[in-house]
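Participant: Below: one structure in structure tokens.
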């Protein structure tokens, strides 16, 4: 309950931003509801980084076509089959999860607000049972009512990972599913009430197999976007997703274009989160990167959906052109580029040798390798600052390498003259090539000789750096790595990459952090119901990782994003560290 | 009036390496019904001369001076368009190696028809009939069928016959044959030469045969002109040239003639060295570096260009040796060797 | 002639078979020799946090556990008789020619290819006409005015054209003409010919010119060299000796011979181009076969790669056949037997 109170009060604080998100507080916060849409808009901020903490070009004007583009297609527009941040951000224009992220700038954007649900989840059974009540008057694009059964079906169908291979497996792992349940398609008659109950059309109850106090984060996953069973066509559902949000698909041409138009069945009265300003969305896929940047700069396009920043060519142009820099934002992403230090390979099984690697490395050189100051801040830990519980650690110097200390560590390790090991990197990523070369040079100064081995991205984790059999057999001591949060909290960022019990035969992103103390903190965090306390545990876990010298953090990634011409309400949401796609409008 | 008259014709080509004097002051006369053989090694200027007469150097880089009179018209100063209208009609040419000289993508008939219709306003049908007639006349069997064949479908001798048919299609009054038999084997050579002699008689044309082989012109020519380094070095009636040649180079050519009673490889009087470079023409007599008799004239040949002088009755020779010396050498040193 | 064509068609089929087998091997056999397992391959097609069970299930579903020969046989069978596809909530029949479903987007490959073919055909048709006309004209003029200012200028531009990749020229052209002056369409603005011919041409004019620039340059150089060679031939001298006007000598006798090799190269170039103008399509964000291929290769999406490879190989094989037939028509010395 404490968590909810926190959100409600936070929601009140963003009133000035003229967002009705706070209305999500439901019946408990009638004052906030009243204040929603009528609050005066804050004066539009402008200039470099204006979108980080402010709504730029605020407006309530409806109409127009918002043109978005992306260099490649993403995995799927089916909410049950997608694992891309941009997709999770975008799909909320046509799909409504139970809970979603507050469309507000900066850290306020990380707050959860109820969407389909009237309020955030009601926890009981010490965090093993979560109950949500749906709002009244919800309808799909075909006019049929949205019930709790549609939400249940949506969650259950995407458990079929043989069919929906892309999405996360949180519900698979945490729901208390009956043993004989396999898939909604192959075992449709198995009673699944032990996992999800729908006592009536507006109530849905989730039963977990272990307590989790942060379940609202699960409820915010696209998996809770309702799917009418009658319209479910398995993998082909992506060809026509049935809209529950204010827009529905008009055309779907996989890999080419999507267009969305207003869903007349959507009712603003049921939706305090969305403004639904544009009349239409045009989404072009497979647009060449440099062309995309140029078109946004020229005004022919409004938003790069990927939200990861402009191409190097435009990066230069924007930095040197004041009027373009005025339109740019440089947010820190919930993504860290780092180097795994694999303790499987002697002498790196000795912590002092691992420390020597970190101490000898040129942290500024690594920052430059990853694209310089606009592309990232020098990282002091694995977890990036936009994650709750982050604290600045000062365990290692962040300058251009400390030879003396590194040599001390080498001596302590019993390798005073250094040693030899192999470092892998993704050969088709110029930044990682540069990082590997920087490491090779810096470590050579203290006698640590690196042999560099590059591999293609597509097979990097499946066949090489993520396959223990390979790394052990080939004496891989260091490996470039990078990780972005599934959502911006400690669980969303760390759970997949620090828990040694998740390590499998191949396709691992983590082979270096294998510490029982860290695993114990993960378990502790899962069980902790208090958000602040939980965040603190994740922060401890982050510190433990650094104390063990299991990774050498390089940079907390930053992207240089450019705001579209004539786009209203554009700001960076802390939920995805890119522009929020719910609030956007066209002048 | 002389039918064809060249007066001091010079054809020079400026190149990056210097001025190439391919033809350097050539003069001769030729009447209708007569045959002139122009003999010389490759590079002596004989082919350039023939192209010059036809006006094919016009518009190019060549610098041309002198006069070419054809049936009362001067061609060097005439407009290119006028010379073009004479080409193929009034004067025509037979080229060496008809395989490369005929267009590979058009039928033999088409190429003859084209040549005919440039100068005669007739229908294609009429022209084709004419082409068949011409092919028959040059001795191609089944000309009505062969008219639709491509050059590569003909044998070497047949191709040359077709080439001749093409050249004669507009009844030219001057016919220049440039090495007409070089690409052919010996028996076919004889047939082609016979054919040309017969045709010349029929058409009463003036004929110039250009060759490096005196044997080719031996029977055909009325007059013979020997070229060396772009200049005429001996000129005279065929009998004079064969019976009383006076230039050491001509002696060499006679000695190089293949004869049926000798091995072809055996050269009686080999001409040592190689033909002169046309850019750095030897000073004095162009032939002096290769001349076996050069020491006998006291070194004059190294500095002085000998004049072309008449030795007797229209027989011209360009040599520093005195008439007596030349005749003496011929009678005592050369002739016995050739006849042995 | 007919037997020749039949023989060539059989050869073409054999070639396609070999191409497919080799592509399949590159994808499956070679990685396996390097120790990559079926599950490792399946790992490419799952989300980033997939469990081991998911990976195995996906490998099973994609048939990756079967011997490569069986997988190949299944693929070939799909092309001739079609295949069933399980999309979770049901099974769909994919009619022949079924090139399978994308491992990544789950879309059937064949309709996608057919959907993208018109874009590439439009690009190839327009560009090839432009570069042929421009390239040959410039080449002929350069050859006839050898050493002139026109010749030197044209050859310098041609050298630039040959050396500059379309992703560069395309980008520069777009920034100047489309975003700077606004006189041409921005990237990705393709409109089908059947919908609006004017917009079609307007949207493609810049890609045409970009692609044509590259090839026109090459063709100008080829034509110039061919023309210089040809104009030195004996039969050109013969044509002049006949008294033909210079215009006819060049047009009928010179060009005819100089263009024969150009026709051959042109046919092959167009064949390859229909297989996907990868760089140009990427530069202009055109959703053609080349773009499709780039995406497929980046994602290691085997069915798409196979489908694209087959289609591209088909066009190249057909272009080869047409060129050979055409050559026999153009050059009577060539006899087909």
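Taken together, the values in this text are just the output of simple stated rules run on the coordinates, not laboratory data. Only a predicted model underlies this, so the values are computations on that prediction, with no experimental measurement involved. Reconstructed Cβ throughout: ideal geometry from the backbone, glycine too, with neighbour counts over all protein chains shown.
Participant: Arrange the following residues from fewest to most other Cβ atoms within 10 Å of their Cβ: B:251, A:483, A:74. Working shown, then result.
Facilitator: Details: B:251 25, A:483 22, A:74 19.
Going from least to most buried by this count: A:74, A:483, B:251.
Participant: Can you classify segment A:333-558 as rounded, prolate or oblate using the Cα gyration tensor, where a ≥ b ≥ c are the square roots of its eigenvalues, rounded means a/c under 1.5, and otherwise it's prolate if a/b beats b/c and oblate if not?
Facilitator: Numbers: a/c = 1.40, a/b = 1.35, b/c = 1.04.
Since a/c stays below 1.5, the shape of segment A:333-558 is classed as rounded.
Participant: Next up: Using only Cα atoms, find the angle between the long axis of helix A:351-360 and the longest principal axis of chain A, and express it within 0 to 90 degrees, rounded to the nearest 10.
Facilitator: 90 degrees
Participant: Using alpha-carbon positions, what is the distance between the centroids of segment B:72-104 and segment A:437-493, in Å?
Facilitator: 79 Å
Participant: While we're on this one: Between residue B:144 and residue A:179, with labels modelled 7 Å along Cα→Cβ, what's the label distance in nm to one decimal, could you check?
Facilitator: 10.1 nm
Participant: Another question about this same structure. Classify segment B:119-189 from the C-alpha gyration tensor, please: rounded if a/c falls under 1.5, else prolate or oblate depending on whether a/b exceeds b/c.
Facilitator: Working: a/c = 2.47, a/b = 1.35, b/c = 1.82.
Cα axes put segment B:119-189 in the oblate bin.
Participant: Can you sort A:293, B:240 from fewest to most other Cβ atoms within 10 Å of each residue's own Cβ? Please report the intermediate quantities before stating the final value.
Facilitator: On the way: A:293 24, B:240 20.
Ranking A:293, B:240 by Cβ neighbours within 10 Å, fewest first, gives B:240, A:293.
Participant: Which distance in Å, rounded to a whole number, links the C-alpha centroids of segment B:271-304 and segment C:113-137?
Facilitator: Segment B:271-304 and segment C:113-137 have Cα centres separated by 64 Å.
Participant: Here is a follow-up. Estimate the FRET efficiency between residue A:527 and residue C:53 by the formula 1/(1 + (r/R0)^6), using the beta-carbon distance for r and 22 Å for R0, to the nearest 0.05. Each step should come with its number before you reach the end.
Facilitator: On the way: r = 25 Å, r/R0 = 1.15.
The computed FRET efficiency comes out at 0.30.
Participant: Among C:109, C:19, C:140, which one shows the highest mean-square fluctuation when chain C is modelled as a Gaussian network with alpha-carbon springs under 10 Å?
Facilitator: Of C:109, C:19, C:140, the Gaussian network model singles out C:19 as fluctuating most.
Participant: While we're looking at this one, here's another question. Looking at chain B only, what percent of DSSP beta bridges run antiparallel? Nearest 5 please.
Facilitator: Values: 31 of 50 bridges.
Restricted to chain B, the bridges split so that about 60 percent are antiparallel.
Participant: Within 10 Å of each Cβ in C:35-42, how many Cβ atoms from other chains are there, averaged over the peptide?
Facilitator: Numbers: counts 5, 6, 5, 0, 5, 10, 4, 3.
Mean partner-chain Cβ count within 10 Å for C:35-42: 5.
Participant: Looking at the calculated P(r) for chain A, what percent of the C-alpha pair distances fall above 47 Å?
Facilitator: Working: 22052 of 171991 pairs.
Summing the P(r) tail past 47 Å for chain A gives 13 percent.
Participant: Let me ask something else about it. Would you kindly calculate the translational diffusion coefficient of chain B, applying Stokes-Einstein with the Kirkwood radius from alpha carbon pairs, for 4 °C and a viscosity of 1.567 mPa s, and quote it in µm² s⁻¹ without decimals?
Facilitator: Working: Rh = 21.1 Å.
The calculation lands on 61 µm²/s.
Participant: Once you order the gyration tensor axes a ≥ b ≥ c over the Cα atoms, which shape class does segment B:286-334 get: rounded for a/c under 1.5, otherwise prolate or oblate by comparing a/b with b/c?
Facilitator: Values: a/c = 2.11, a/b = 1.18, b/c = 1.79.
Oblate shape, in that a/c is at least 1.5 and b/c is the bigger or equal ratio.
Participant: Give the distance, in whole Å, between the Cα centre of segment A:208-258 and the Cα centre of segment C:167-186.
Facilitator: Centre-to-centre distance over Cα atoms comes out at 38 Å.
Participant: Summing -39500 (n - 2.57) over the DSSP H runs of n ≥ 4 in chain B and dividing by its residue number, what mean residue ellipticity at 222 nm do you reach, to the nearest 500 deg cm²/dmol?
Facilitator: Numbers: 13 runs with 112 residues, N = 340.
Mean residue ellipticity, 222 nm, calculated: -9000 deg cm²/dmol.
Participant: In nanometres, what is the gap between the two model label sites at residue B:322 and residue B:27, each 7 Å from Cα along Cα-to-Cβ?
Facilitator: Simple spin-label model gives 2.7 nm for this pair.
Participant: Anyone know which of B:83, B:48, B:309 comes out most mobile in the 10 Å Cα GNM of chain B?
Facilitator: Per the Cα network of chain B with a 10 Å cutoff, B:309 tops the list.
Participant: Could you please rank C:65, B:320, B:12, B:82, placing first whichever residue has the fewest other Cβ atoms within 10 Å of its Cβ? Numbers along the way, then the final one.
Facilitator: Details: C:65 15, B:320 23, B:12 19, B:82 11.
Arranged by neighbour count, lowest to highest, C:65, B:320, B:12, B:82 become B:82, C:65, B:12, B:320.
Participant: Let me ask you something else. Over chain B, what is the relative contact order in whole percent, taking alpha-carbon pairs under 8 Å and six or more residues apart?
Facilitator: Working: 634 pairs, mean separation 64.9, N = 340.
Rounded, it is 19 percent for chain B.
Participant: Take chain C, connect every pair of alpha-carbon atoms lying under 10 Å apart with a spring to form a Gaussian network, then pick out the residue of C:11, C:153, C:88 with the largest mean-square fluctuation.
Facilitator: Looking only at C:11, C:153, C:88, the largest GNM fluctuation is found for C:88.
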